[in-house]
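Single-structure report; data block below.
Nothing in this text is a laboratory measurement; each read-out follows from the coordinates by a stated rule. Computed from a predicted model, the values in this text were never measured in an experiment. As a convention, Cβ positions derive from the backbone with ideal geometry for all residues, glycine included, and neighbour counts pool all protein chains shown.
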Amino acid sequence: MKNINVAHPPNIGWLEIELDKTEMDYLWKCIDNKGECNKKNLAGVNEGAYTLKDKDNWFLYNVIGKCIDAYQKGFGEDRGQYVPNTVQHPIVLHHWWVNYMKQYDYNPCHLHKGLYSFVVWMKIPTEYKDQKQLPRAVTSRSESVSNFEFLYNNILGEIKQCAYHMNKEKEGQMLFFPSELHHQVYPFYNCDEERISISGNIRIASDISINDSRVVNTKSKGFK
């Protein structure tokens with residue numbers, strides 16, 4: 001036996017981004033100026049959800065564009081269908097909203113429509129370690145209580161989970177992922193404060209009028 005190598009088959013994943021103060025301040029300003037209720041269009045059971053407006057496409061230019069570049073560079077040819085032809089078909093931050101969740105609220109397993117999606121945690125009033133010690137959760141073998149979770153199939157077709165433990169350290173973190181990646185949010189307990197997060201979808205603008213104010217000519221803005 002000369003050697004043993006570990007083979008990792010190609011696959012796609014997601015990005016973890018830490019937003020800075022300028023970016024977070026902008027998002028809070030968007031929340032302060034939130035639009036109409038969007039609750040009826042969501043899969044989850046939550047306190048409320050409201051549309052947001054990206055004034056002058058600031059978030060698209062300064063954050064989303066960099067995420068798309070990083071995703072394409074990070075996953076290379078394995079990114080498959082998740083690479084838009086941005087010269088012929090510009091991208092658009094088609095739909096984004098702020099979520100307010102209270103204890104017992106949840107978001108069942110679901111996916112989004114679009115090319116990429118993202119979530120940003122703005123305010124997390126609970127700590128996973130405390131939630132896990134509650135009587136209803138302490139004996140469970142899972143890491144589900146209060147957490148955000150991705151679900152995906154491994155090479156054997158088994159469903160695997162990747163949980164993000166919700167605590168204040170996650171405030172300001174953004175996850176950027178293919179829209180078809182399944183995910184879910186479990187309820188938290190014994191806390192009267194709201195959890196606040198932002199979600200959004202990025203689409204190719206091939207089916208949207210080129211005169212639509214949301215459409216971005218990615219070539220002129222430095223998108224790869």
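General observations
- Table column - 3J(HN,Hα) (Hz), segment 187-194, Karplus curve with 6.51, -1.76, 1.60, x for Gly and Pro: x, 10, 9, 6, 8, 8, 7, 8
- Backbone HN-Hα couplings from phi across segment 126-135 [Karplus 6.51/-1.76/1.60, Hz, Gly and Pro as x]: 10, 10, 4, 4, 6, 4, 5, 8, 5, x
- Result for the chain in a Gaussian network model with C-alpha springs under 10 Å: among 121, 28, 96, the largest mean-square fluctuation is at 28.
- Mean projection area, nm², convex hull over Cα of the chain: 15.7 nm²
- Residues residue 70 and residue 130, FRET efficiency given R0 of 35 Å [Cβ-Cβ distance, rounded to 0.05]: 0.55
- Computed from backbone phi, the HN-Hα couplings of segment 158-173 come to 7, 7, 10, 10, 10, 9, 9, 6, 7, 7, 5, 5, 7, 4, x, 8 Hz, rounded to whole numbers (Karplus: 6.51 cos²θ - 1.76 cosθ + 1.60, θ = phi - 60°; Gly and Pro given as x).
- Simple Cβ-charge dipole of the chain, Lys/Arg +1 and Asp/Glu -1, about Cα centre, in debye nearest 20: 320 debye
- Computed from label points 7 Å out along Cα-Cβ, the spacing between residue 152 and residue 20 is 2.9 nm.
- The H on the amide N of residue 91, modeled in the peptide plane, is under 5 Å from the matching H of 205, 216, 218, each at least 5 residues off or on a different chain.
- Alpha-carbon Debye profile of segment 153-209, log10 I(q)/I(0) at 0.22, 0.23 Å⁻¹: -1.11, -1.16
- Annotation: aspartates and glutamates with alpha-carbon distance below 13 angstrom to residue 129 (same-chain offsets under eight excluded): 143, 169.
- Computed [θ] at 222 nm, deg cm²/dmol, the chain (DSSP H ≥ 4; -39,500 (n - 2.57); rounded to nearest 500): -3500 deg cm²/dmol
- Around the amide H of residue 147, modelled in the peptide plane, lie the amide H atoms of 186, all under 5 Å away and 5 or more residues distant in sequence or on another chain.
- Across 132/168; 39/170; 21/170, pairs whose alpha-carbon gap is larger than 18 Å: 39/170
- Relative contact order computed over segment 15-216 (Cα-Cα under 8 Å; 6+ residues apart), in percent: 32 percent
- Extension gain for residue 141-residue 58 works out to 25.6 nm (0.36 nm per residue, less the C-alpha to C-alpha distance).
- Label point distance in nm, residue 47-residue 160, each placed 7 Å from Cα along Cα→Cβ: 3.5 nm
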